[in-house]
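So the structure is just underneath, and the comments pick up after that.
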């Protein structure tokens, strides 16, 4: 039963994140870009392709098209 509670909490958090993303797409894109840049620098570009792919998905989800 604890697993079901965790999954329920995770689903609620995901719904809240989607709602925030719809209301503030510019802010979400700006923060996602900053986070991607930070992680890319910390990993010295080793995971650049994966980071870029994740950033593209965030941008697509927030305003319907990648930049």
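Once every DSSP H run of n ≥ 4 in the chain is given -39500 (n - 2.57) and the sum is divided by its residues, what mean residue ellipticity at 222 nm do you get, rounded to the nearest 500 deg cm²/dmol? When only DSSP H runs of four or more count, the value is -28500 deg cm²/dmol.
Using the Cβ-Cβ distance between residue 8 and residue 49 with R0 = 30 Å, the FRET efficiency computed as 1/(1 + (r/R0)^6) comes to roughly 0.35.
The alpha carbons of the chain stretch over 41, 27, 15 Å along the principal axes, in descending order.
Every number in this text was worked out from the coordinates using simple rules, so none of it is lab data. Treat the numbers as computed from the prediction; the structure is a model and nothing was measured. Backbone-built Cβ (ideal geometry, glycine too); neighbour counts: all protein chains shown.
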